[in-house]
Amino acid sequence: MSSTQSSATQLSPTMTGPRRNAFLRWFMPEVPLARVAVFRVFIYLFIIIDVLTISGDVIPHGWTPELYQPLWLARVLGIPPVSVLGAQILLAFIIVFSLLAAAGIWQRISGWVVAITFGAWMFYTQGYGYVAHDHMALVIAAVVLPTVGVARFREVGVTSAKAGWALRVVQIAVVLTYFYSVLMKWIASGNITHWANGAVIIWALMRRGAEWSKPFLEMPGLLIAAQWATLAFEFLSPIALFIKGKWLYFVVAFFCLFHLMTYFALGIHFLPTVICWAAFLPLEKLVPRRFATARRARA
């Protein structure tokens with residue numbers, strides 16, 4: 001390595017890392033751009049799956065514009081009811097530009113188009129009487145990913161504070177999905193102990209529980225303990241923002257297994273949030289080493 005290259009390698013970290021205060025180092029960590037490139041594939045391919053399955057009710061909503069109850073932000077932006085043709089065009093844009101964004105083609109343009117069209121799709125799918133909070137982190141991911149700019153799979157050794165900021169924002173959205181859930185349970189019940197000691201899980205099992213889960217109806221004490229445990233780990237979910245290594249992997253695995261269990265027991269999957277837990281993982285390790293570039297930093 002030449003002396004010029006050596007100096008550049010030594011200077012780049014000081015230009016972006018140690019001179020920042022502790023909060024900025026946490027809020028905008030230097031992470032490999034390849035991590036964003038892989039995460040981008042997860043998010044954009046899942047968005048296609050989502051609009052075709054989970055939130056695939058927008059086109060039918062076009063037949064009943066009189067039932068449209070816009071969310072607060074939709075009212076502020078003045079978003080009108082969607083027509084059947086409008087929903088079909090919106091779906092086409094989401095699919096085409098999600099594929100382009102996942103492939104890394106026109107990364108900024110395709111990313112912003114997806115952010116706008118998928119955001120509109122969410123307004124329409126949740127503007128008819130039901131708001132699903134499991135999509136919050138996914139929408140945030142679609143919004144922040146284009147801000148990173150160009151991120152290639154081979155840039156395993158190229159770090160960026162912009163990439164770190166985008167992933168951190170997604171991480172915050174993920175844990176707030178759980179933390180806000182506790183607050184809403186508290187607000188709705190008036191007293192959090194009322195919710196924890198109530199019959200929430202019993203009612204859920206009676207209404208939509210799988211056959212194998214029915215015997216738990218005879219164990220109310222166990223179900224109440226499960227409700228208290230749910231409150232505890234939802235309230236403590238922000239811990240995931242401050243831990244590293246095997247403990248972080250344990251937390252990610254725990255929440256994913258929790259959702260897997262609720263899916264098998266109640267048919268509730270929470271996949272839009274589950275896919276965003278990938279923002280906590282070193283996804284650049286999925287890129288073969290032979291494609292990696294030399295380590296350097298990018299602003």
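The values are calculated or read from the model by the stated rules, or taken from the named source; none is laboratory data. All of these numbers come straight from a predicted model, not from anything done at the bench. Cβ: placed from backbone, ideal geometry, glycine included. Neighbour counts: every protein chain shown. Just so you know, the surface numbers come from the protein's heavy atoms only, side chains and all, with ligands and any DNA or RNA stripped out. Shrake-Rupley method; radii C 1.70, N 1.55, O 1.52, S 1.80 Å.
A few remarks follow.
- Descending Cα extents along the principal axes, the chain, whole Å: 72, 49, 35
- Kirkwood-based shape ratio for the stretch 89-143, expressed as Rg/Rh from alpha carbons: 1.01
- In this rough spin-label picture, where each label sits 7 Å from Cα along the Cβ direction, the ALA103-ARG152 distance is 1.7 nm.
- Using a cutoff of 8 angstrom between alpha carbon atoms and counting only pairs six or more residues apart, the relative contact order for the chain works out to 27 percent.
- Distances between placed amide hydrogens fall under 5 Å for SER160 paired with VAL31, LEU33, ARG298, all partners being 5 or more residues away or on another chain.
- Estimated from helices alone, the mean residue ellipticity of the chain at 222 nm is -19500 deg cm²/dmol (sum of -39500 (n - 2.57) over DSSP H runs with n ≥ 4, per residue).
- Surface composition of the chain: carbon plus sulfur atoms hold 72% of the accessible area, using a 1.4 angstrom probe and ignoring ligands, DNA and RNA.
- A probe of 1.4 angstrom, applied to the heavy atoms of all protein chains, finds TYR124 with accessible area near 20 square angstrom.
- Charge dipole (debye, nearest 20) of the stretch 123-254; +1 at Cβ of Lys and Arg, -1 at Cβ of Asp and Glu: 380
- The stretch 135-166: trypsin sites (Lys or Arg not before Pro) falling in loop per DSSP and having at most 16 other Cβ within 10 Å: ARG152, ARG154
- Estimated vicinal HN-Hα couplings, Hz - the stretch 169-174 in sequence order (Karplus 6.51, -1.76, 1.60; Gly, Pro = x): 5, 5, 4, 4, 4, 5
- If you plug the beta carbon distance of PHE264 and GLU66 into 1/(1 + (r/R0)^6) with R0 = 30 Å, you get a FRET efficiency near 0.20.
- Acute angle (nearest 10 degrees) that the helix 3-16 long axis makes with the longest principal axis of the chain, alpha-carbon atoms: 30
- Net charge of Cβ neighbours under 13 Å - reference PHE97; Lys, Arg +1; Asp, Glu -1: +2
- Across TYR249, TYR44, the residue with the most accessible area heads the list, and the full order at a 1.4 Å probe is TYR249, TYR44.
- Label-point gap, in nm, between PHE23 and ALA226 - each point 7 angstrom along Cα→Cβ: 4.1
- Relative to the longest principal axis of the Cα atoms of the chain, the long axis of helix 220-235 makes an angle of roughly 30 degrees.
- Ranking SER160, VAL41, LEU222 by Cα position along the charge dipole of the chain, where only Lys, Arg, Asp and Glu carry charges on their C-beta atoms, puts SER160 farthest toward the positive end.
- FRET efficiency estimate (nearest 0.05) - Cβ-Cβ, LEU45 to GLU218, R0 41 angstrom: 0.45
- Candidate cross-link partners of LYS185 among the lysines, defined by an alpha-carbon separation under 27 Å and a same-chain spacing of 8 or more, comprise LYS214.
- Computed over the stretch 217-293, the ratio Rg/Rh where both radii use C-alpha atoms and Rh is Kirkwood: 1.10
- Residues of the stretch 173-190 falling in the label zone of PHE235, defined by backbone nitrogen less than 18 Å from a point 7 Å along Cα to beta-carbon, are 175-190.
- Cα convex hull, the stretch 150-251: 172 Å³ per residue, rounded to a whole number.
- Charging the Cβ of each Asp and Glu at -1 and of each Lys and Arg at +1, and nothing else, the dipole of the chain about its Cα centre rounds to 1400 debye.
- In the full protein context, the chain carries 54 Å² of accessible surface per residue, based on a 1.4 Å probe and ignoring ligands, DNA and RNA.
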